[in-house]
Amino acid sequence: MPEFKKQVLEVLRQPLEDGEVSISRSLITLKYPADVMLVAAMNPCPCGYLSDETHICTCSPLAVQRYRSRLSGPLLDRIDLHVDVPAVPYEELKKTRSDVDSATMRARILDAREMQSTRYADERITLNAELTGSALEKHCVLKEEGHDFLKQAVETLGLSARAYTRVLRIARTIADLEKTASLSVDHLAEAINYRTMDRQGNV
Ligand SMILES: [Zn+2]
């Protein structure tokens, strides 16, 4: 992602937020549907070896900061899941994979989507990603311990209102994948784990 210029990346904010793009010319403004699923990748620094255990990063702190600053806080706010992907050691590469296979994962996702479209039959939405305002409050009810945990996380990590909304939606999805009706602190903690770029303070 940071290979693109900052003003090019910022253009993504509108489709990620509204699911459409507006193009304005002198006499007319046209809106086009652009409800996308964005999947993007970046290195931790220009050389790619920052925090790698087997290589030395050759970037200056300023170069790292300049590279990461191409992604603004408001753009990162609009990306639901941030996942660190460290280098895989040789022993791990050799191992036979025991993770969930794609067919099983697909079935779990379809079940979760089905639960959501049934739950939101009266809301004119079909997915957790579309939850806003009163629907978000109604379907992401937290117990007192959940409220306390989330308040502390928001204050400590400095999460924005937009990131807070996303944490609730993602926690709802994690609970749905487990077929659990109520949101627990564990669901919230896992959702907050997917905000790594916020937690690095948007450097
Ligand atoms: Zn580097």
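Available extension along the chain between Val11 and Ala189 is 61.0 nm, counting 0.36 nm per residue and deducting the alpha carbon span.
A 1.4 Å probe run over the chain, with the rest of the protein chains in place, finds 69 Å² accessible per residue.
Between Ile56 and Thr156, the C-beta separation translates, for a Förster distance of 41 Å, into a calculated FRET efficiency of about 0.80. For the listed residue pairs Lys5/Lys94; Lys95/Lys143; Lys95/Lys179, the alpha carbons are over 32 angstrom apart in Lys5/Lys94; Lys95/Lys143. The ratio of the alpha-carbon radius of gyration of the stretch 6-75 to the globular-protein estimate 2.2 N^0.38 Å is 1.55. Here the extension length gained between Ala40 and Gln65 equals 7.1 nm, from 0.36 nm per residue of separation less the Cα-Cα distance. Think of each Lys and Arg Cβ as +1 and each Asp and Glu Cβ as -1; about the Cα centre, that makes the dipole of the chain roughly 660 debye. Counting only protein heavy atoms and a probe of 1.4 Å, the accessible surface of the chain is 54% carbon and sulfur. For the stretch 102-199, a simple Cβ point-charge model (Lys and Arg +1, Asp and Glu -1, everything else neutral) yields a dipole of about 320 debye relative to the Cα centre. With r as the distance between the Cβ atoms of His82 and Ala107 and R0 = 22 Å, compute the FRET efficiency 1/(1 + (r/R0)^6) and round to 0.05. FRET efficiency, Ala107 to His82: 0.25. The convex hull built on the alpha-carbon positions of the chain has an orientation-averaged projected area of 15.2 nm².
The values are calculated or read from the model by the stated rules, or taken from the named source; none is laboratory data. Everything numeric in this text was worked out from a predicted model, so none of it was measured. For neighbour counting, all protein chains shown are included, and Cβ atoms are generated from backbone atoms with ideal geometry for every residue, glycine included. Note: areas computed on protein heavy atoms with side chains; ligands, DNA, RNA excluded. Shrake-Rupley method; radii C 1.70, N 1.55, O 1.52, S 1.80 Å.
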